Each structure stands twice: as C-alpha cells, then as structure tokens.
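Undergrad: Below is a structure I'd like to ask you about.
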Amino acid sequence: VEWDVLPKLCHLFSAESYSLLNRAARAWTEHWVVEVAVGNEEARIPPELLDVLDEDLFAWMILFDLFDGASLELKSLYVEQVRDLAAVFKNVVDTTFPLDGWALDEF
C-alpha cells in the first residue's frame, strides 16, 4: 500500500475494510516518520480522516493506528491536531455515550 492512499480510502470505513485502512495508516505513518526526521514538520492527520471522525468509530481506530510506529516528533504533531479536535471529540462522546445521568452534583 502506498503512503498516500489513506486519504483516498477514508470514505470506506467498515469492519471489512479496516485491514486495508490499517495498512494504509501504517504506510502513512512510515512516510511521515522519515519526513519529520529530515525536518519536514508539515505532517498532518489526513483531513479526510478528520472529516469522518464524528460519523464512524472505525475512523477513531484508524486515527489511533496512526500513532503506532510513529516517532515522538510525529506523535507530538498528531497530538497538537487532536487537541484542536477537542470540540469534535466532546460532541462524539456526548452523542454516542450520553453521560448526563452519571453527573455528580457534589463530591
């Protein structure tokens, strides 16, 4: 699998396509590990993947797969992007796992 195929496959999330997407994520990470090592700090999580995070839990699995085998520098770049997605993540958690009934009024 070529490193640049991941953005093209992000619309294919399903249990059957996970293996292919996982291989694409590994190729993406391998490519950017080298790029970041030589000073290219333009590494980003594919925007196509970020676009589907609120639609599919498999997208989150692929997002976490990007961290597997990533260098510390690349992980740091990815974490910056994920932090920027805090509002998206909160929305996904609130809609997927309603936790209102578990709130504590006082300690």
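The values are calculated or read from the model by the stated rules, or taken from the named source; none is laboratory data. Source: prediction; values computed, not measured. Using ideal geometry, Cβ is built from the backbone for each residue, glycine included, and neighbour counts are taken over all protein chains shown. Heads up: the accessible areas ignore ligands, DNA and RNA and are worked out on the full protein's heavy atoms, side chains in. Shrake-Rupley method; radii C 1.70, N 1.55, O 1.52, S 1.80 Å.
Undergrad: Can you work out the FRET efficiency for the pair residue 51 and residue 76, with r the C-beta to C-beta distance and R0 = 30 Å, to the nearest 0.05?
TA: That gives a FRET efficiency of 0.85.
Undergrad: Further question on the same structure: Probe radius 1.4 Å, ligands and nucleic acids left out: which of 58, 64 has the largest accessible area, and how do the rest follow?
TA: Listed by decreasing accessible area, they come as 64, 58.
Undergrad: What FRET efficiency comes out for residue 38 versus residue 4 if R0 is 22 angstrom and r is the Cβ-Cβ distance? Round to the nearest 0.05.
TA: 0.80
Undergrad: Which three numbers, in whole Å and largest first, are the semi-axes of the equivalent ellipsoid of region 1-51 derived from its Cα gyration tensor as √(5λ)?
TA: Semi-axes, largest first: 22, 12, 7 Å.
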